[in-house]
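The block underneath contains the structure these notes are about, expressed in structure tokens.
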Amino acid sequence: MSENSGSGPVIVCLGEALVDFIAMETAADMGRARTFIKAPGGAMANTAAGLARLGARARFVGKVGADPFGRFMRETLSAEGVDTRDFITTDQYATGIVFVALDRERVPSYIFYGYPSADMMLREDEVGEGALQDAAFLHLGTVSMVREESRAASFKLMRLAREQGVHISFDPNLRLHLWKDHGLLRDTALKAAAMSGLCKLNAEELRFMTGAERPEAGARRLREMGVEAVVVTLGPEGAYYLCGEGEGRPPGFKVGVVDTTGAGDGFAAGLLMALAEAGEWPPPAALLSRATRFANAAGALVTTSLGAMSSLPRRDQVNAFLAQREKGEMG
């Protein structure tokens, strides 16, 4: 177990800790790539590490195999300062592996290996109230819901969070190729969203879930389901947010893009850290606007180097980046 050195309330990330193998040849067909580098990954593991780097108290709940890759992920998260007391190891399933290739626009494609991997086999009896101790937020996505076992565990922890007054943050992080039944995926994502106070997703995920072509319309549909704050990432254009007090579109930041892998996870970490630190719920529009701008900066910085977790920024880097951009805007 590691102890987080951050301050404030705990943010719990439930889900996948995976090992990425990233192709070094950009724009190469995955099957033709000759060289791959190993990197820690998994959206929820990335977000937990991102939170810790920003100074938040992060806890990871998940499962890996009793293999070298599982040890690598545990050691990596511990070194980042993430609380791993609820990080389970099993000798029944292997740690998940993901091969990643970047296209000419540095957008990644993925091939998952090891199905079902250990992260998908987290059981209901392996999660409980202790994981939510001192928590302000529970953050999760649908990769941890692919299998019936981990789906039941995820919804159990969501129910416990609601009972304990812990805010739920849902990032669908849709991986269509992991689901044979896309109707089940849509139903699962909508059920999870309806139990959540915050929903962070991209425009394609919002379209898949709601059928709406425009972010504003899709976000309104989620609000009608009971989601208190919706944030839609729009890539280089920034993000759109909607809450009870209003809506807005904080712009994005132009940077030299090397790899967009993990940008959404860095964004989620920035958003959650800012909201948890402010301690206001539901968030007023002014707070959500500031939090989204901070998240835009964190997500942009992730794209400036190769790899997801290794590229996550620290708070002083985000603050310096924002100060520089604000100075440029004023000049």
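The values are calculated or read from the model by the stated rules, or taken from the named source; none is laboratory data. In this text, all values refer to a predicted model and were calculated from it rather than measured experimentally. Quick reminder, even Gly has a Cβ in these numbers, built from the backbone with ideal geometry, and neighbours come from all protein chains shown.
Among the residues of segment 11-32, those identified as of a type in the set (A, V, I, L, M), closer than 25 Å to GLY65 by Cβ and touching a helix residue (DSSP H, G or I) at 6+ places or on another chain (Cβ under 8 Å) are VAL12, LEU14, ALA17, LEU18, VAL19, ALA23.
For segment 175-196, enumerate the residues that are assigned to a loop (DSSP other than H, G, I, E, B), touching a residue at least 24 places away in the same chain (Cβ under 8 Å) and surrounded by fewer than 21 Cβ atoms within 10 Å (Cβ to Cβ). Can you show your working first?
Of all residues in segment 175-196, those assigned to a loop (DSSP other than H, G, I, E, B) come to 175, 179-181, 195-196.
Adding the requirement that they be touching a residue at least 24 places away in the same chain (Cβ under 8 Å) leaves 175, 179, 195-196.
Passing the criteria: ARG175, TRP179, MET195.
Of all residues in segment 213-236, those being at pLDDT 95 or above, loosely packed, with under 15 Cβ neighbours inside 10 Å and either among the small types (Gly, Ala, Ser) or touching a Gly at 6+ places or on another chain (Cβ under 6 Å) (or both) number 2.
What residue, of LEU275, LEU288, LEU322, is more than 23 Å from THR76 (Cβ to Cβ), hydrophobic (A, V, I, L, M, F, W, C) and surrounded by fewer than 17 Cβ atoms within 10 Å (Cβ to Cβ)? Full working, then the answer.
Working: LEU275 fails: surrounded by fewer than 17 Cβ atoms within 10 Å (Cβ to Cβ); LEU288 fails: surrounded by fewer than 17 Cβ atoms within 10 Å (Cβ to Cβ).
Result of the check over LEU275, LEU288, LEU322: LEU322.
Would it be correct to say that PRO313 is of a type outside the set (A, V, I, L, M, F, W, C) and either in contact with a Cys (Cβ under 8 Å, 6 or more places away or on another chain) or under 17 Å from ALA45 (Cα atoms) (or both)? Yes, satisfied.
Would it be correct to say that GLU149 is farther than 26 Å from ALA229 by Cβ, part of a helix (DSSP H, G or I) and among the acidic types (Asp, Glu)? I'd like the intermediate steps shown before the answer.
Values: farther than 26 Å from ALA229 by Cβ: yes; part of a helix (DSSP H, G or I): yes; among the acidic types (Asp, Glu): yes.
Considered against the rule, which asks whether it is farther than 26 Å from ALA229 by Cβ, part of a helix (DSSP H, G or I) and among the acidic types (Asp, Glu), GLU149 comes out as yes.
Search segment 239-263 for residues being assigned to a loop (DSSP other than H, G, I, E, B) and in contact with a Phe, Trp or Tyr (Cβ under 8 Å, 6 or more places away or on another chain), and hand back the single one that is surrounded by the most Cβ atoms within 10 Å (Cβ to Cβ). Per the criteria, the residue is PRO250. Can you find even one residue in segment 296-305 that is part of a helix (DSSP H, G or I), modelled with pLDDT of 95 or more and in contact with a strand residue (DSSP E or B) (Cβ under 8 Å, 6 or more places away or on another chain)? Yes, segment 296-305 has at least one match. For segment 21-39, state whether one or more residues are modelled with pLDDT of 95 or more, within 21 Å of THR261 (Cα to Cα), touching a Phe, Trp or Tyr at 6+ places or on another chain (Cβ under 7 Å) and buried (at least 18 other Cβ atoms within 10 Å of the Cβ). No, that holds for no residue.
Looking only at residues in segment 136-161 that are surrounded by fewer than 22 Cβ atoms within 10 Å (Cβ to Cβ) and in contact with a strand residue (DSSP E or B) (Cβ under 9 Å, 6 or more places away or on another chain), which one is nearest to ALA268 (Cα to Cα)? I'd like the intermediate steps shown before the answer.
Narrowing segment 136-161 to residues surrounded by fewer than 22 Cβ atoms within 10 Å (Cβ to Cβ): 147-149, 151-152, 155-156, 158-160.
Checking the rest, the ones that are also in contact with a strand residue (DSSP E or B) (Cβ under 9 Å, 6 or more places away or on another chain) come to 158, 160.
On the way: MET158: 18, LEU160: 22 Å.
By that ranking, first place goes to MET158.
Residue-level analysis places PHE321 outside the set of residues that are assigned to a helix (DSSP H, G or I) and either in contact with a Lys or Arg (Cβ under 9 Å, 6 or more places away or on another chain) or β-branched (Val, Ile, Thr) (or both).
The residue that is farthest from ALA17 (Cα to Cα), among those in segment 89-110 that are part of a loop (DSSP other than H, G, I, E, B) and of a type in the set (A, V, I, L, M), is VAL107.
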